[in-house]
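Reading through the structure tokens given below for one structure.
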Amino acid sequence: MSNQTLLWASFVVSWLSLLFLKQTEIRRYMPVALFGGLVTTIVMELGITLHWWLPTETVFPFVNMSIFTYGPYLIGIIWIFTYTYGRFWLFMVTNAVTDFILTFLLANWFVQIGIFQFYIPSYQLLLMALLIAVLLYGYQLWQTGAAGAEALPGLQPAAGKPLPDKRNDRQDKP
């Protein structure tokens, strides 16, 4: 199988897998997946600029990055959030296992078949992936409005606080 066939098949199959999810789940987690795609695109470009890695096989229109960013990675975010959101440690363990497989097994295979070249150690790739996972979880908490409630449970907006009993409208009178 050629690299182009592999790249396009991974893209198409991952998007077709969304047929097995409920529309509500896709709508709920698509914003965090798109945010993950954006963050990964920035990290990919930064990695190319800093010579951390180099994609050697790309497909049109993804000239400087792997098609995996907007295929399996983006859809994988939706699948992982569908089954783990609300349970942070399960989310992190799932991401750690997935990222370990991607970093230590698939990345080496991509180098062997000529899709990527990596110039940084695998553990640094794993660390970056886990940091991005924490960022994505925080973004989803913010999207659902749960970030403020979990971080500062006693915090409420000023409009929701009761007025003091003795209130002077004019400050210049004693």
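The values are calculated or read from the model by the stated rules, or taken from the named source; none is laboratory data. Keep in mind that what you see is a predicted model, and the values were worked out from it rather than measured. FYI the Cβ positions are ideal-geometry reconstructions off the backbone, even for glycines, and counts take in every protein chain you see.
Report yes if Thr24 is within 20 Å of Gln140 (Cβ to Cβ) and at pLDDT 90 or above, otherwise no. Yes; evaluated as a whole, the condition is true for this residue. Scanning region 70-125 for residues that are assigned to a loop (DSSP other than H, G, I, E, B) and touching a residue at least 40 places away in the same chain (Cβ under 8 Å) turns up Gly71, Tyr85, Gly114, Ile115, Tyr119, Ile120.
Does Tyr123 satisfy the condition of being surrounded by 13 or more Cβ atoms within 10 Å (Cβ to Cβ) and over 15 Å from Val43 (Cβ atoms)?
No: the conditions fail for Tyr123.
Part of a strand (DSSP E or B), modelled with pLDDT of 70 or more and farther than 28 Å from Thr84 by Cα - does that describe any residue in region 46-53? Checked region 46-53: at least one residue is part of a strand (DSSP E or B), modelled with pLDDT of 70 or more and farther than 28 Å from Thr84 by Cα.
Can you tell me how many residues in region 1-45 are exposed (fewer than 12 other Cβ atoms within 10 Å of the Cβ), over 17 Å from Tyr83 (Cα atoms) and polar (S, T, N, Q)? Total satisfying the criteria: 2.
Name the one entry in Pro162, Pro153, Pro174 that is at pLDDT below 65, under 25 Å from Thr84 (Cα atoms) and surrounded by fewer than 11 Cβ atoms within 10 Å (Cβ to Cβ).
Details: Pro162 fails: under 25 Å from Thr84 (Cα atoms); Pro174 fails: under 25 Å from Thr84 (Cα atoms).
Just a single option satisfies the conditions, and that option is Pro153.
Residue pairs whose Cβ atoms lie under 6 Å apart, sitting 6 or more positions apart in sequence or on different chains, and linking a residue in region 4-24 that is closer than 14 Å to Phe110 by Cα to a partner that is modelled with pLDDT of 80 or more and of a type in the set (Gly, Ala, Ser), are Ser10/Gly71.
Could you tell me which residue of region 92-119 is farthest from Leu34 (Cα to Cα), considering only residues that are at pLDDT 90 or above and surrounded by 13 or more Cβ atoms within 10 Å (Cβ to Cβ)? Restricting to residues being at pLDDT 90 or above and surrounded by 13 or more Cβ atoms within 10 Å (Cβ to Cβ), the top hit is Phe100.
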